[in-house]
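Peer 1: Can you read through this structure? Questions will come right after.
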Amino acid sequence: MTPRTLPNSPALHRVVAVLRSPQSTFPLACATEVFGDHSPAIPSRYAFEVCTEHPGPVRTRAGYDLLVTTGLDALEQADTVLIPGWEQPVDAEVPTAVIAAVREAHRRGARIVGICSGAFVLAAAGLLDDRRAATHWARAPELAARFPRVRVDPAVLYVDHGDVATSAGSAAGVDLCLHLVRSDHGAAYAMRIARQMVMPPHREGCQLQYAELPTSGPVADSLAPLLEWLAGRLDQSVSVAEMAVRSQVSTRTLTRRFTEQLGISPGRWLLDRRIAATRALLEETDLPVEAIAHRVGLSSAVNLRRRFHEALRTTPAAYRRTFRADEAGTETKTVTR
């Protein structure tokens, strides 16, 4: 393996978070950890800042104030507008100034992102009309009732439409932010940030696994030991039957557990991990496709190309060119989907 050094981008992607009293600190911190400054080992790709409708002290739910000196005019230069939660009384309206600023940013091409209850701001601005959207499972009924044109999905961790994106509860904001980084700069760069945060670059399952259960009952056996075992054997052919033997259950029981806990089949989960490993190897090594295919357990270059195209609608060669630094030391940031 020959690691490739990711160069510094000449133009930073500007992420501006809109705050409101009382501001929830956790979703804001999650976004800051992903888009803020990192260690010298991780090249800067984003510039992160905050603003508010009325500059000055912003009360937080943690018992301290944040001094925010920038107003909504900061959104005029934002590449991504982020709403890290939005706390206000039930049925209270989002301020018209905030709606106008968000709509204008979206109109000129900025990406608008709502974390957790931040989806309410996007819905109020009309950006989620006739679209799927995510929010915290406990607030999904309220979002659906207040904005009937929004197709609220209470199960998913996040929904990304390209121009707008929403996430489930606060921690799912990390999942969404890392997904956006992955879309902007590739899987390897997102993985670097995730490693620094000491968390998986992609969390499995849906948010329903965290929702309150209507009745008490036994907790399903965790798949974590099996997933860890599989992750260390991506270069090997592993059947569902072999997974079941490893877990000491029937194939039917194993498939049911995957569906309940992760929302996908065992085979789909394993293929997704193989594709993720392929992306990282294409971005950070010069290994030929045939060698990568054997390293990630896809047996041949032909099979890898077919699976890769099914997953990402592009070829391994095109994907590698997209994220390979050019002779000038810059990096392309778009992926053919």
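The values are calculated or read from the model by the stated rules, or taken from the named source; none is laboratory data. Quick caveat: nothing in here was measured; it's all calculated off a predicted structure. Every residue, glycine among them, receives a Cβ derived from its backbone with ideal geometry; neighbour counts consider all protein chains shown. The area values use the complete protein model at the heavy-atom level, side chains included, leaving out ligands, DNA and RNA. Shrake-Rupley method; radii C 1.70, N 1.55, O 1.52, S 1.80 Å.
Peer 1: Looking at the structure I just gave you, is Ala74 closer than 20 Å to His179 by Cβ and free of Cβ contacts under 8 Å to residues at least 60 places away in the same chain?
Peer 2: In short, no.
Peer 1: Can you pull out every residue in the stretch 95-114 that is aliphatic (A, V, I, L, M) and open to solvent by 10 Å² or more (accessible area, probe 1.4 Å)?
Peer 2: Of everything in the stretch 95-114, those that are aliphatic (A, V, I, L, M) and open to solvent by 10 Å² or more (accessible area, probe 1.4 Å) turn out to be Ala97, Ile99, Ala100, Ala101.
Peer 1: Please find, within the stretch 163-183, the residue that is most open to solvent (accessible area, probe 1.4 Å) out of those that are closer than 9 Å to Pro27 by Cα and outside any helix (DSSP H, G or I).
Peer 2: Ala171
Peer 1: I'm told Val159 meets every condition in (1) closer than 20 Å to Pro27 by Cα; (2) touching a Leu at 6+ places or on another chain (Cβ under 8 Å) except one. Can you identify the failing condition by its number?
Peer 2: All conditions pass for Val159, except number (2).
Peer 1: So, one more: Out of all the residues in the stretch 306-317, which are part of a helix (DSSP H, G or I) and either hydroxyl-bearing (Ser, Thr, Tyr) or loosely packed, with under 15 Cβ neighbours inside 10 Å (or both)?
Peer 2: If the condition is that a residue be part of a helix (DSSP H, G or I) and either hydroxyl-bearing (Ser, Thr, Tyr) or loosely packed, with under 15 Cβ neighbours inside 10 Å (or both), then Arg306, His309, Glu310, Ala317 are the ones that fit.
Peer 1: If a residue has to be open to solvent by less than 80 Å² (accessible area, probe 1.4 Å) and in contact (Cβ under 8 Å) with a residue 24 or more places away in the chain to count, how many in the stretch 58-69 make the cut? Even if it seems obvious, please write down each step before you answer.
Peer 2: Here is the first cut: in the stretch 58-69, the residues open to solvent by less than 80 Å² (accessible area, probe 1.4 Å) are 58, 60, 62-63, 66, 68.
Applying the additional criterion that residues be in contact (Cβ under 8 Å) with a residue 24 or more places away in the chain yields 58, 60, 62, 66, 68.
Of the residues in that region, 5 qualify.
Peer 1: I've got another one for you. Out of all the residues in the stretch 288-303, is one or more among the hydrophobic types (A, V, I, L, M, F, W, C), farther than 23 Å from Leu223 by Cβ, open to solvent by 50 Å² or more (accessible area, probe 1.4 Å) and in a helix (DSSP H, G or I)?
Peer 2: yes
Peer 1: Moving on to the next point. Exactly one condition in (1) part of a loop (DSSP other than H, G, I, E, B); (2) modelled with pLDDT under 95; (3) among the aliphatic types (A, V, I, L, M); (4) closer than 28 Å to Leu12 by Cα is not met by Val159; state its number.
Peer 2: Among (1) part of a loop (DSSP other than H, G, I, E, B); (2) modelled with pLDDT under 95; (3) among the aliphatic types (A, V, I, L, M); (4) closer than 28 Å to Leu12 by Cα, Val159 violates only (1).
Peer 1: Find the residue count for the stretch 115-132, including only residues that are within 20 Å of Thr32 (Cα to Cα) and open to solvent by 10 Å² or more (accessible area, probe 1.4 Å).
Peer 2: Adding up the residues that qualify gives 1.
Peer 1: Then there's this: Kindly check whether there is at least one residue in the stretch 239-248 that is open to solvent by less than 20 Å² (accessible area, probe 1.4 Å) and either under 24 Å from Leu157 (Cα atoms) or not in a helix (DSSP H, G or I) (or both).
Peer 2: Taking every residue of the stretch 239-248 in turn, none turns out to be open to solvent by less than 20 Å² (accessible area, probe 1.4 Å) and either under 24 Å from Leu157 (Cα atoms) or not in a helix (DSSP H, G or I) (or both).
Peer 1: Evaluate the following for Gln236: is it within 20 Å of Leu28 (Cβ to Cβ), at pLDDT 80 or above and surrounded by fewer than 21 Cβ atoms within 10 Å (Cβ to Cβ)?
Peer 2: no
Peer 1: So the check is Cβ under 6 Å with 6+ separation or different chains; which pairs have a first residue in the stretch 124-153 that's under 25 Å from Arg108 (Cβ atoms) and small (Gly, Ala, Ser) and a second one that's part of a helix (DSSP H, G or I) and open to solvent by 40 Å² or more (accessible area, probe 1.4 Å)?
Peer 2: Every condition considered, the pairs that remain are Ala125/Arg103.
Peer 1: Additional query: Out of (1) touching a residue at least 60 places away in the same chain (Cβ under 8 Å); (2) under 17 Å from Ala188 (Cβ atoms); (3) open to solvent by less than 30 Å² (accessible area, probe 1.4 Å), what's the single condition that is false for Trp269?
Peer 2: (2)
Peer 1: Just to check your reading of the model, which residue among Pro55, Pro43, Pro22 is closer than 30 Å to Gly186 by Cα and surrounded by fewer than 17 Cβ atoms within 10 Å (Cβ to Cβ)?
Peer 2: On inspection, the qualifying residue turns out to be Pro43.
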